[in-house]
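Below you'll find the structure, written out as structure tokens, and then a few comments.
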Amino acid sequence: MAKEMKKEESPFLQIKDLVVEYKSDDQIVHAVNGVSLNLGKGRTLGLVGETGAGKTTIAKSIMRILPDVGAKITGGEIFLDGRNVLELSETEMRKIRGNTVSMIFQDPMTALNPVQRVGDQIAEVVRLHNDEKVNPEKRAKEMLEIVGIPAERYYEYPHQFSGGMKQRVVIAIALACNPDLLLADEATTALDVTIQAQVMDLIGELQKKYNTAMILITHDMGIVAQVCDDVAIIYAGQILEYGSKEQIFDYPTHPYTIGLFGAIPSMSGDEMWLHPIDGLPPDPTNLPEGCPFSPRCQYASDMCRKDGIGFHMTEDGHQCRCCRIEEIKKMKREEDQK
Amino acid sequence: MASVTMTKTASPKVKRQSEFARVMKQLSKNKIAMAGLVILIIECLLAALAPLIMPYGYAEMDLTQTFATPSLTHLFGCDDMGRDIFSRVLYGGRFSISIGILAVLISVVIGMIIGALAGYFGGMTDNILMRFLDIVQAIPGMLLMIVISAVLGPGFVNTIIALSVSNIPGMARMLRAQMMKERDNEYIEAAQSINCSKMRIIVSHLLPNCLSPIIVQATMGVAQTITMAASLSFIGLGVQPPAPEWGAMLSAARSFIRQAPHLVIFPGLAIAITVLALNLLGDGLRDALDPKLKN
Amino acid sequence: MTPVIEVKNLKKYFPTPHGTLHAVDNVSFKIEKGKTIGVVGESGCGKSTLGRTIIHLHESTGGQIFLDGNDITKLKGKELKKVREKMQIIFQDPYSSLDPRKTIESTIREPFVVSKRYSKSEIEEKTLELMSLVGIDERLRRSYPHELDGGRRQRVGIARALALEPEFVVCDEPVSALDVSIQAQVLNLLKKLQIERGLTYMFVTHDMSVVRHISDDICVMYLGQVVEKCEAKELFARPLHPYTKALLSAIPSTDIHNKTKREILKGEITSPINPKPGCRFAARCPFAVEACHQPQVQEEVSPGHFVTCCRVHEIQKI
């Protein structure tokens, strides 16, 4: 369905060659280095990568909430519903934030104001973004019920809520204005698995109901498998592999993606040793030339250390930024035969 | 077994520098704080070298020059007894600055001991120590100082004692709060599990991590103490004449404020500049010591 | 063979302004030499407190702790220091578990210095030996923790714990703050050290795939109590307690084709303060009946498989 949409019209969210840098003292942190994405309405894209890979920076660029000091979008375009977000004025942006685009942050414990009633915090967002026809308090109560919290608890304060309930309030705030795009940044990482399952289910349901597009930022492959339609594997501010969930999970192609899957302890297997990816992610102030993964890649050759490695389309919509795909495939096949 | 061999990939360049060098580097970026530091260093040098620089002795009277206005022979003019104010201000820096620094130093040391014990052990120890401090704090600071000075009698050493006692509760409370926060970190549990003694945990782990706010507070405290010493002298309880402590000079000059304002202006300026410089430095230190601004 | 660690009816209660918090309530298990027991459960279930109580970072409220067959529950002073060297802990947070103002070297060296058993040159030698054992490059010895990444910091924590050659190590969520690729490096290191040094681990975690990988036996805890205890394989193949079942089914699986219906628990974890007698999971349990609110007994359903649930047989039939 997504593919058809691409042909008919430009997708709801389109990021082209986004480059973001942070400047500190005497260094430049290359946080995002040429990321391009497309996302249609009602679809979910998973951004997967390690700490510091630039996932959160991408989301914050869409919202235009990067810190004023030091952070700078130095290249690229972000189109939201056909409009270039990066060219909008701050006033126009304020209308978009919370209304068209909402973000759920990682830490539910700090996202709420401790001295304001939970319900008022939801109502405030409604008040900011709607005309007078909507009664903010009524809408806030409605939202509480939707996320599974009795409306009577409108008048309580955040400390009276458990972690899972706080995160549900955060979700209620994010969804109160029926956003078209939801950015969930590690939204369930701080929660216990049984609560995480509840919250993910809830987000999924609401997303279906309102046909919301969602970018899910996570490092948990399990959640991606459960929730996402498309997946982008991010490493050192670049997308290394991009495709539908089936393409990525069934046919991981980039050595990094393969390594990531290999490093997860299997729930069924009895292997003695895990297969970690050797080494560490590169220093974002001093990225290696060529493929950023090449210093850790067991297949790396001289070719990989030259700049300008582009995407290779391996299948319809499945892209992989690696110049040795064919050789690696062959080598893997030989390994398997042995 | 290949999977367990550790690779030695070239890691990002690990820059190391001592804590002191890091703080100085951060501080050097803050122009205003640096200005404060420079002023202070100059002041300390002037006070230390005062006997060499002073054109006249601080108690040297020249009755022909009473109330002389500033001129080339007497840069800041002369006071009611014909003493050169420039010399007196220079020499007075020795009293004012050393009272400030010594009093704060004493209160930091005692406050730290009390705060560390209360903060680390908590419970009964904490209760007893804190209630004791409550009693001290319940007496208004100025009153407390007056009482102590009155009991001990005026003088340089006694002024320092009076000033440090009134500073102790603040220091102790601050360190206690800091200790209680640091105490919950896992590295303290780790120290316990490798059998570190309580003394070692406090001295070697907790104190170094609690020091930054104390350093800032102490810097500002010196400024405050100099003003308090001035107030004590002003009411005649501090350093006694003819010693030219800045506050004492102010106090002595107050009756002539209308006829000869320069008697008040110059020692007043000296206090104001010192206090300002210390406050600027304290502000800068607060930023430089904040670990969140690291790198 | 005497187990390295055995706990019997261990209890740890904390007084709070609202009542007594039952963090660990009647927990019993034993661990043989060279084995790993995994303790899983959600936040606030008392799994970390259990580990800390065993190694005497908390004083126990009741029950007994045995190390190599000797009762160490009430030890104090010098004797406690002696047994403490045999029991160490690796912490969850590689950021707060290292003193930010101490170099890597002085953190690793500290256990030797404190033990006062070694000369200066021996300490130096042993420190370097430990650093290479856990895979920290020698040139990092004078670095500060904030200059290192999470994986390396965790290795420093491991080195410190192993310095005094303990028999038993509590691993309190040692990899949950790390990225998967680094997590695998650290897990492999822990396993290598276990084999080389015959270490016995208690591995506390909320990550089911990690616990499956590293443990021989697993205890599932809920609000301070062990609800199920058996071999790791058995637990994943045949979970019996309704809570274990829910926990396992809530884990998002990376298998995208085999979508099993997930059991999603209703409700929130109840408070462990002044708990009522009876099964503490009953409030969220889909199978709860009147009998569940009576005190429960642990039952050995099959050899080595213990479950604390009065309806375990009926539920199996359903």
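The values are calculated or read from the model by the stated rules, or taken from the named source; none is laboratory data. Quantities reported herein were computed from a predicted structural model and do not represent experimental measurements. Positions of Cβ are backbone-derived with ideal geometry, glycine not excepted, and every protein chain shown enters the neighbour counts. Heads up: the accessible areas ignore ligands, DNA and RNA and are worked out on the full protein's heavy atoms, side chains in. Shrake-Rupley method; radii C 1.70, N 1.55, O 1.52, S 1.80 Å.
For the reader, a short list of remarks on this structure follows.
- Boolean, B:VAL203 is over 21 Å from C:PHE91 (Cα atoms) and more than 19 Å from the chain's Cα centre (by Cα): yes
- Being assigned to a loop (DSSP other than H, G, I, E, B), surrounded by fewer than 18 Cβ atoms within 10 Å (Cβ to Cβ) and under 27 Å from the mean Cα position of the chain (by Cα) is a property that holds for A:GLY308.
- Scanning region A:210-241 for residues that are open to solvent by 10 Å² or more (accessible area, probe 1.4 Å) and among the charged types (D, E, K, R) returns A:ASP220, A:ASP229, A:ASP230.
- Residue in region C:187-198 that is out of contact with any Cys (no Cβ under 7 Å at 6 or more places or on another chain), surrounded by fewer than 24 Cβ atoms within 10 Å (Cβ to Cβ) and among the β-branched types (Val, Ile, Thr) present: yes
- Qualifying residue in region B:31-39 (condition: under 30 Å from B:ASN209 (Cβ atoms), within 14 Å of another protein chain (Cβ to nearest Cβ) and at pLDDT 75 or above): no
- Residue in region A:234-248 that is at negative phi and part of a loop (DSSP other than H, G, I, E, B) present: no
- A single entry from C:ARG153, C:ARG142 fulfils the requirement of being of a type in the set (Lys, Arg), outside any helix (DSSP H, G or I) and either crowded, with 21+ Cβ neighbours inside 10 Å or in contact (Cβ under 8 Å) with a residue 24 or more places away in the chain (or both): C:ARG142.
- Annotation note: Cβ proximity below 7 Å between a residue of region A:173-193 that is more than 28 Å from A:ASP81 (Cα to Cα) and a residue that is assigned to a helix (DSSP H, G or I) (sequence gap 6+ or interchain) occurs for A:ALA190/A:PRO108; A:ALA190/A:GLY163; A:LEU191/A:GLY163; A:LEU191/A:GLY164; A:LEU191/A:GLN167; A:LEU191/A:VAL199; A:VAL193/C:LEU247; A:VAL193/C:ALA250.
- Test: residue in region B:60-73 that is within 25 Å of B:ILE226 (Cα to Cα) and either of a type outside the set (D, E, K, R) or within 14 Å of another protein chain (Cβ to nearest Cβ) (or both): no
- Failed criterion for A:THR285 (all others in (1) in contact (Cβ under 8 Å) with a residue 40 or more places away in the chain; (2) not in a loop (DSSP other than H, G, I, E, B) hold): (2)
- Top-ranked residue in region A:223-257 [being without any contact (Cβ under 8 Å) to a residue 12 or more places away in the chain and farther than 27 Å from A:ASP180 by Cβ; ranked as farthest from the other protein chains (Cβ to nearest Cβ)]: A:PRO252
- Within region C:279-318, being open to solvent by 70 Å² or more (accessible area, probe 1.4 Å) and in contact (Cβ under 8 Å) with a residue 40 or more places away in the chain holds for C:PRO286, C:GLN298, C:GLN316.
- Flag for B:LYS8 being open to solvent by 50 Å² or more (accessible area, probe 1.4 Å), at pLDDT 55 or above and charged (D, E, K, R): no
- Selection within region A:183-201 - away from every other protein chain (no Cβ under 12 Å) and either buried (at least 24 other Cβ atoms within 10 Å of the Cβ) or at pLDDT below 85 (or both): A:LEU183, A:ALA184, A:ALA187
- Residue within region B:254-277 that is surrounded by fewer than 21 Cβ atoms within 10 Å (Cβ to Cβ), more than 30 Å from C:SER106 (Cα to Cα) and of a type in the set (Lys, Arg) present: yes
- Candidate set from region C:96-113 (those that are closer than 20 Å to C:GLY151 by Cβ and within 9 Å of chain B (Cβ to nearest Cβ)); member that is most open to solvent (accessible area, probe 1.4 Å): C:PRO100
- Criterion violated by A:THR257 - all others in (1) of a type in the set (Ser, Thr, Tyr); (2) under 30 Å from A:MET165 (Cβ atoms); (3) within 19 Å of the chain's Cα centre (by Cα) satisfied: (2)
- Residue pairs whose Cβ atoms lie under 7 Å apart, separated by 6 or more positions or on different chains, with the first residue in region C:76-92 and at the interface with chain B (Cβ under 9 Å from one of its Cβ atoms) and the second open to solvent by 40 Å² or more (accessible area, probe 1.4 Å) and not in a helix (DSSP H, G or I), are C:GLN92/C:SER176; C:GLN92/C:ALA177.
- The residues on offer are B:GLN192, B:GLN240, and the sole one that is surrounded by fewer than 23 Cβ atoms within 10 Å (Cβ to Cβ), in contact (Cβ under 8 Å) with a residue 60 or more places away in the chain and either within 14 Å of chain C (Cβ to nearest Cβ) or not in a helix (DSSP H, G or I) (or both) is B:GLN240.
- Note on region C:76-106: among residues that are among the β-branched types (Val, Ile, Thr) and farther than 18 Å from C:LEU57 by Cβ, the one that is modelled with the highest pLDDT is C:ILE104.
- Contact map, region C:209-222: first residue closer than 17 Å to C:PHE281 by Cβ and in contact (Cβ under 8 Å) with a residue 60 or more places away in the chain, second residue among the charged types (D, E, K, R) and in a strand (DSSP E or B), Cβ cut-off under 7 Å, separation 6 or more or different chains; pairs are C:CYS219/C:LYS229; C:VAL220/C:GLU228.
- Number of the exception - C:THR20 against (1) more than 19 Å from the chain's Cα centre (by Cα); (2) free of Cβ contacts under 8 Å to residues at least 24 places away in the same chain: (2)
- If the condition is being at positive phi and charged (D, E, K, R), then region A:46-82 contributes A:ARG64, A:ASP81.
- Annotation: of all residues in region A:285-305 being touching a helix residue (DSSP H, G or I) at 6+ places or on another chain (Cβ under 6 Å) and away from chain B (no Cβ under 14 Å), the one that is surrounded by the most Cβ atoms within 10 Å (Cβ to Cβ) is A:CYS291.
- Considering residues of region C:206-243 that are outside any strand (DSSP E or B) and among the acidic types (Asp, Glu) only, the residue nearest to C:HIS313 (Cα to Cα): C:GLU234
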